[in-house]
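K.L.:
Questions regarding the structure given below will be posed in turn.
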Amino acid sequence: MFETGVTVCLTIAILGLASSMVYDRFLARRIAKIEPSTVDFVPNWMEARQNGLRVGETGAPLQLIEFIDLQCPACLRFHSELAAVKEDAGTALSVTYINLPIAYHPTARAGAKGIMCAHRQQTAERFIEAAFDEQRTLGRAVDSTWLRLASSAGVPDTALFRACFADTTVAAVVDSHLAIAKRLNIPATPTII
């Protein structure tokens, strides 16, 4: 009986020591490297608001601009935070999306076109939500994937969405969003103004 008690105590002590060593060796350094975000003034930010995809009232007292990439894990995390803010703010918040597909995300550009086409039917936010719900599979997305996401997001006319998705002028608008990000020195997604 005594030996069993000693064995249990030693096992607990060893597990505690091992946990402490793992924390010190791996997690403490990682946590120490996390820098708080800086707040910088972005000159000419109105260009983004005027040329982006606005969701919400034009005259809403709270205006937010998000540079977004549907394959960006940080964008997914921000999206869940933004949902809570939208719920609290209601119609007082307007969000303008600027597509910033990151080059190493293989289908981000197609996702940006999907956002544009859903926006033409007033369903951009639902499309973004549907895409983020399936973000892990987007790296293998093909055109039919985006059409399926549009359908699940409630885009009313999927034939119109399909035609929009194939339209070269939509790709040109995505290019214009990339140009805005470059002019404003936006380095990554999500960037919030």
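The values are calculated or read from the model by the stated rules, or taken from the named source; none is laboratory data. Since this is a predicted model, take the numbers as computed values, not measurements. We place every Cβ from the backbone using ideal geometry, glycine too, and count neighbours over all the protein chains shown. Quick note on the areas: whole protein, heavy atoms, side chains included, nothing else; ligands and nucleic acids left out. Shrake-Rupley method; radii C 1.70, N 1.55, O 1.52, S 1.80 Å.
K.L.:
Taking the options 178, 160, name whichever one is open to solvent by 60 Å² or more (accessible area, probe 1.4 Å), more than 13 Å from residue 70 (Cβ to Cβ) and in contact (Cβ under 8 Å) with a residue 40 or more places away in the chain.
P.N.:
On the way: 178 fails: open to solvent by 60 Å² or more (accessible area, probe 1.4 Å).
The unique qualifying residue is 160.
K.L.:
When you scan segment 82-98, do you find a residue that is under 22 Å from residue 140 (Cα atoms), of a type in the set (A, V, I, L, M, F, W, C) and either in contact with an Asp or Glu (Cβ under 6 Å, 6 or more places away or on another chain) or in contact (Cβ under 8 Å) with a residue 60 or more places away in the chain (or both), even just one? Can you show your working first?
P.N.:
Step one: of segment 82-98, the residues under 22 Å from residue 140 (Cα atoms) are none.
Scanning segment 82-98, I find no residue that is under 22 Å from residue 140 (Cα atoms), of a type in the set (A, V, I, L, M, F, W, C) and either in contact with an Asp or Glu (Cβ under 6 Å, 6 or more places away or on another chain) or in contact (Cβ under 8 Å) with a residue 60 or more places away in the chain (or both), so the answer is no.
K.L.:
When you go through (1) open to solvent by less than 30 Å² (accessible area, probe 1.4 Å); (2) within 22 Å of residue 50 (Cα to Cα) one by one for residue 113, which number turns out not to apply?
P.N.:
Against the list (1) open to solvent by less than 30 Å² (accessible area, probe 1.4 Å); (2) within 22 Å of residue 50 (Cα to Cα), residue 113 comes up short only on (1).
K.L.:
For the structure I just gave you, tell me whether residue 149 is surrounded by 12 or more Cβ atoms within 10 Å (Cβ to Cβ), touching a Gly at 6+ places or on another chain (Cβ under 7 Å) and either under 30 Å from residue 84 (Cα atoms) or of a type in the set (Asp, Glu) (or both). Full working, then the answer.
P.N.:
On the way: surrounded by 12 or more Cβ atoms within 10 Å (Cβ to Cβ): yes; touching a Gly at 6+ places or on another chain (Cβ under 7 Å): yes; either under 30 Å from residue 84 (Cα atoms) or of a type in the set (Asp, Glu) (or both): yes.
Answer is yes for this residue.
K.L.:
Give the residues of segment 99-128 that are under 25 Å from residue 158 (Cβ atoms) and without any contact (Cβ under 8 Å) to a residue 12 or more places away in the chain, sorted by residue number.
P.N.:
The initial filter retains those residues of segment 99-128 that are under 25 Å from residue 158 (Cβ atoms), namely 99, 101, 105-128.
Matches in segment 99-128: 122 only.
K.L.:
Of everything in segment 87-110 that's aliphatic (A, V, I, L, M) and more than 17 Å from residue 48 (Cα to Cα), which residue is surrounded by the fewest Cβ atoms within 10 Å (Cβ to Cβ)? Write out each step before concluding.
P.N.:
From segment 87-110, those aliphatic (A, V, I, L, M) are 89, 92-93, 95, 98, 100, 102-103, 108, 110; that's our starting set.
Now narrow it down to the ones that are more than 17 Å from residue 48 (Cα to Cα): 89, 92, 102-103, 108, 110.
Details: 89: 17, 92: 12, 102: 14, 103: 8, 108: 25, 110: 21.
Out of the qualifying residues, it is 103.
K.L.:
Just one of (1) part of a helix (DSSP H, G or I); (2) under 13 Å from residue 68 (Cα atoms); (3) touching a Gly at 6+ places or on another chain (Cβ under 8 Å); (4) among the hydrophobic types (A, V, I, L, M, F, W, C) trips up residue 95, so point out which.
P.N.:
Unmet for residue 95, out of (1) part of a helix (DSSP H, G or I); (2) under 13 Å from residue 68 (Cα atoms); (3) touching a Gly at 6+ places or on another chain (Cβ under 8 Å); (4) among the hydrophobic types (A, V, I, L, M, F, W, C): (1).
K.L.:
Please go through segment 53-88 and pick out each residue that is among the aliphatic types (A, V, I, L, M), closer than 14 Å to residue 188 by Cα and in a helix (DSSP H, G or I).
P.N.:
Going residue by residue through segment 53-88, those that are among the aliphatic types (A, V, I, L, M) are 53, 55, 60, 62, 64-65, 68, 70, 74, 76, 82-85.
Now narrow it down to the ones that are closer than 14 Å to residue 188 by Cα: 65, 68, 70, 74, 76.
The answer is 74, 76.
K.L.:
Just for helices (runs of 4 or more DSSP H) wholly inside segment 106-153: which have at least 3 residues that are within 13 Å of the chain's Cα centre (by Cα)?
P.N.:
On the way: elements: 108-119, 124-133, 143-152.
Fully inside segment 106-153 and qualifying: 108-119, 124-133.
K.L.:
Shifting gears a bit: What's the number of the only condition in (1) in contact with a helix residue (DSSP H, G or I) (Cβ under 7 Å, 6 or more places away or on another chain); (2) open to solvent by less than 20 Å² (accessible area, probe 1.4 Å) that residue 123 fails to meet?
P.N.:
(1)
K.L.:
Taking segment 57-79 as the region of interest, how many residues are open to solvent by 50 Å² or more (accessible area, probe 1.4 Å) and over 9 Å from the mean Cα position of the chain (by Cα)?
P.N.:
6
K.L.:
Do we have residue 140 as modelled with pLDDT under 95 and closer than 16 Å to residue 109 by Cβ here? Walk me through it before giving the result.
P.N.:
On the way: modelled with pLDDT under 95: yes; closer than 16 Å to residue 109 by Cβ: yes.
Yes; evaluated as a whole, the condition is true for this residue.
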